[in-house]
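The structure under discussion appears below in the form of structure tokens.
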Amino acid sequence: MNGIIGRKLGMSRFFREDGQVFPVTVIEVGPCPVLRVRETASGHQVQLGFGAYNPRRVTKPVLGHAKAAGQEAAPAVLREFRIAAGAPAAGETVTVGIFAEGDRVKVTGTTKGKGFQGVVKRHGFGGGPATHGNTRHRKPGSVGPGTDPSRIIKGKRMPGHMGAARHTETGLQVVKIDAERNLLFVRGAVPGPSRGIVLVRKQGGRSRYA
């Protein structure tokens, strides 16, 4: 198995024996039951579950899907992972044991939502002069020529909705594993707020960081 579902708990610091200190993100990963395995042209699609659905709110189709895999409670989160070979069987459980200290991983999550923002915060524009008489302190300025092409070019950096988007951070390193508490300590920051759902997958190759 090459991935697992987790929940971001927050950030802390990690101290090495040589005195080096660096930030780490603590992620609660698994245990994730395998609900379904189906074959594809490139391998297998493995569906994992995480957490537990509120029994008073779960629907019969969702509960029936979980019971077909031998689960008493319906998982609150369902995600699929594509693997080439060595797929687990439905009913098995994937734990933090699939990782080892020193592994390179990539973490996918939903970034924090910032709402509607201007170009200064959204894109890092410098803004206009901050002197008396100026009226364009945080305005974007000219957005396109008036004669040719007489339109705004597609992809122009403009004000708009910021955050709340799917993002994958690559090249992260596993520095510590707590198998008893299902905790994974990853060097660096991962997308999303605390208590946010993330997907942790093994890094297939080199990234822009490592």
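Here are the numbers for the structure shown:
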quantity	calculated
As computed over the range 115-162, the Cα convex hull volume per residue (Å³)	89 Å³
Share of alpha-carbon pairs per 5 Å distance bin for the chain, given as whole %	1, 6, 11, 13, 14, 12, 10, 8, 7, 6, 5, 3, 1, 0, 0
By average C-beta atoms within 10 angstrom, highest first, the peptides 143-151, 21-29	21-29, 143-151
Positive-end residue, the range 115-162 charge dipole about Cα centroid, Cβ charges, pick of His123, Ile153, Thr135	His123
Lysines with Cα under 24 Å of Lys8, excluding same-chain neighbours fewer than 8 positions away	Lys106, Lys112, Lys114, Lys176, Lys202
Within the chain, helix-based [θ] at 222 nm, where runs of 4 or more DSSP H residues each add -39,500 (n - 2.57), nearest 500	-1500 deg cm²/dmol
Additional length obtainable on full extension of the chain from Glu101 to Arg181, 0.36 nm per residue less Cα span	27.2 nm
FRET efficiency estimate (nearest 0.05) - Cβ-Cβ, Arg16 to Arg56, R0 41 angstrom	0.30
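Only the coordinates and a few stated rules stand behind these numbers; no lab work does. Predicted, not measured: the structure shown is a model, and the values here were computed from it. Please note: Cβ atoms are built from the backbone with ideal geometry, for glycine as well, and neighbour counts cover all protein chains shown.
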